[in-house]
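Inspection log for the structure reproduced underneath, given as structure tokens.
The values are calculated or read from the model by the stated rules, or taken from the named source; none is laboratory data. All figures in this text were calculated on a predicted structure; none of them were measured in a lab. Neighbour counts run over all protein chains shown; Cβ positions are idealised from the backbone, glycine included. Keep in mind that these areas ignore ligands, DNA and RNA; they rest on the heavy atoms of the full protein, side chains included. Shrake-Rupley method; radii C 1.70, N 1.55, O 1.52, S 1.80 Å.
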Amino acid sequence: MVAAGIHISKVETSKLQEMTLENLPFGRYFTDHMLEADFENGEWKNVEIKPYQPLLLEPSLAALHYGQAIFEGIKAYKDADGNAAIFRPLDNFKRFNISAERMNMPTVPEEIFMEGMHTLIELDKNWIPSLPDHSLYIRPFMFSSDPVIGVKPSESYKFIIILSPTGPYYSTPMKIYVEEKYTRAAPGGVGFSKNAGNYGGSMLATALAKKQGYDQVLWTDAFEHKYLQEVGTMNVFFIIGNKAITPSLEDGTILAGVTRDSAITVLKEMGLDVIEEKISIDELMDAHKNGQLREVFGTGTAATISMIKELRYKDYTMHFDTATWTIAPELKKRLNAIREGRAADTHGWMYKI
Ligand SMILES: *Cc1c(COP(=O)(O)O)cnc(C)c1O
């Protein structure tokens, strides 16, 4: 497929000739091509696919000073027969434009985001690893590009898609510290948007938790530091009795993960009651003391499911023997089987290339 209006210039020789797609670390290698488009004078223009290359930018670039910058993370897979497909990219496209609106940025039209991504991946299809647990990570992003340091929403923006082959992602069970000082998101803020600043703002708390021997923090609400939000940059699920509980989205402090949504669907198919509601650390500790808290895990595109083996709140530590868990491993198995083309795609989640 060649989308109308996309100018394509190809590399002369592929970098793939010099490398293998086995055991690549996350986000370090990029494919031969990238997509770039500009928003100027109220419209998108210059949509092109070209060899992956550095950007030449003014030091006054608005995004570097005032942080209008958003992104997405999506994965493409190749099944055993070599058929390529992307996992739920339309959901990421919609979320990208929700992030754009919150950051007062222009929305990106479907033709550029979806057809651009499709055309780019078709061109770099040989870069999709077909090994188990490997994938091609897709990173669409947009930033303000006015070369002006006056504080105002930028008038020009750049939209780019880059591709990075990756895997396998070893997610060993995590030790988590319940954060009570720093805040990731507050009602009315930008927590539900996938913007760069949310990540910048979370790094210190994570680094401090690491110093104390934890892998990540469990974010709590901004007012009382009681209600649970997300674990690191993943959504969080608690299995209590026969219920799967995950924090609800309504106050705008939670990023609406595509993996979260997929997990809700699959957990229901596995026979659990899935409940989206406010849940506090006190309720969680009570469930733990009663022996009802069975499993705790994070969900996200990078790791799919990350199990939590230790959860520390003040002086109380909850230990879990993840080797005995049944739900998180089964959920991960089912999601990965769909994504890697080993199970029927009954929900229409796979977008074929
Ligand atoms: C991206 C992200 C997630 C996970 O979203 P997926 O669509 O499942 O990858 C969760 N929380 C935050 C803060 C994120 O940025």
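For beta carbons closer than 6 Å, sequence separation of 6+ or different chains, a first residue in region 244-260 that is in contact (Cβ under 8 Å) with a residue 40 or more places away in the chain and among the polar types (S, T, N, Q) and a second that is near the ligand (Cβ under 10 Å from one of its atoms) and assigned to a loop (DSSP other than H, G, I, E, B), the qualifying pairs are T253/A185; T253/G191; T259/T301. What are the pairs, 6+ residues apart or on separate chains, where a residue within region 37-62 that is more than 12 Å from S156 (Cβ to Cβ) has its Cβ under 9 Å from a residue that is of a type in the set (F, W, Y)? Sorted first by the residue in region 37-62, then by its partner, the pairs are V47/F159; Y52/F30. As a summary of the residue check, F143 satisfies the conditions (1) assigned to a strand (DSSP E or B); (2) open to solvent by 10 Å² or more (accessible area, probe 1.4 Å); (3) within 18 Å of W349 (Cα to Cα) except for the one numbered (3). Picking from residues in region 287-314 that are polar (S, T, N, Q) and either within 16 Å of the ligand (Cβ to nearest atom) or in contact with a helix residue (DSSP H, G or I) (Cβ under 7 Å, 6 or more places away or on another chain) (or both), the one that is farthest from K332 (Cα to Cα) is T301.
Taking into account only those residues within region 193-239 that are among the polar types (S, T, N, Q) and either more than 19 Å from the chain's Cα centre (by Cα) or more than 11 Å from the ligand (Cβ to nearest atom) (or both), which is farthest from M142 (Cα to Cα)?
Here is the first cut: in region 193-239, the residues among the polar types (S, T, N, Q) are 193, 195, 198, 202, 206, 212, 216, 220, 229, 233, 235.
Among the residues that remain, those that are also either more than 19 Å from the chain's Cα centre (by Cα) or more than 11 Å from the ligand (Cβ to nearest atom) (or both) are: 206, 212, 216, 220.
On the way: T206: 25, Q212: 35, Q216: 27, T220: 29 Å.
The selected residue is Q212.
Within region 96-114, being over 27 Å from G188 (Cβ atoms) and open to solvent by less than 70 Å² (accessible area, probe 1.4 Å) holds for P109, I112, F113, M114.
L284 satisfies every condition listed in (1) open to solvent by less than 20 Å² (accessible area, probe 1.4 Å); (2) within 16 Å of the ligand (Cβ to nearest atom) except (2).
Is it the case, given these coordinates, that G42 is open to solvent by 50 Å² or more (accessible area, probe 1.4 Å) and touching a strand residue (DSSP E or B) at 6+ places or on another chain (Cβ under 8 Å)? Step through it out loud before you land on a result.
On the way: open to solvent by 50 Å² or more (accessible area, probe 1.4 Å): yes; touching a strand residue (DSSP E or B) at 6+ places or on another chain (Cβ under 8 Å): no.
Judged against the criteria, G42 is not a match.
When the residues of region 240-268 are filtered to those that are within 11 Å of the ligand (Cβ to nearest atom) and of a type in the set (D, E, K, R), the one that is surrounded by the fewest Cβ atoms within 10 Å (Cβ to Cβ) is D261.
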